[in-house]
Amino acid sequence: MHVYKPDRQYYIYQNIYIGFIGIMGLLTISKMILTLIPQQALSDAILVITMVTTYHQKNYCFALLGLFYLLYQEYICVYLLLGLYQYNMSIYDENDPPKVKATKLFVLMSSIIYLLNIWSTYSIYREYKKIVFDLKRLEIQ
């Protein structure tokens, strides 16, 4: 009987994905406390739940769902950043209240984290899908 063993990059991507789950968890908690957009923090909490489910189930369908959700989140962040650019508002302004400063910085930081997380989730999706196809190929042989 042949025992399937994934490639080494699978384990590397798994560790990176676990790191992003932790980063997203910290980002969610800090957004709840420090910013003016609690709805985005709730949306991040749903994203963390999706990521944890993806990790534990090792299911590429959950990874694809999380990937689409991340793309949606990135779209919202880019839309907010373009709104700041359209009205000639700077990311950091000395005259803004602290909550507004925190919200602007969190939107910028979130968009960067979402981009990196999209790469990580896509890598996990590819690896999970590759494992499923490899296992099906072994069944046929």
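For region 7-39, name all the residues that are under 13 Å from the mean Cα position of the chain (by Cα) and not aromatic (Phe, Trp, Tyr).
Hits for region 7-39 are Ile16, Ile18, Gly19, Ile21, Gly22, Ile23, Met24, Gly25, Leu26, Leu27, Thr28.
Under 7 Å between Cβ atoms, at least 6 apart or on separate chains: pull out the pairs that start in region 72-93 with a residue that is within 19 Å of Leu47 (Cα to Cα) and end on any residue that is open to solvent by 90 Å² or more (accessible area, probe 1.4 Å).
Glu74/Leu115
The values are calculated or read from the model by the stated rules, or taken from the named source; none is laboratory data. Treat the numbers as computed from the prediction; the structure is a model and nothing was measured. With ideal geometry, Cβ positions are generated from the backbone for all residues, glycine too; neighbour counts draw on all protein chains shown. Quick note on the areas: whole protein, heavy atoms, side chains included, nothing else; ligands and nucleic acids left out. Shrake-Rupley method; radii C 1.70, N 1.55, O 1.52, S 1.80 Å.
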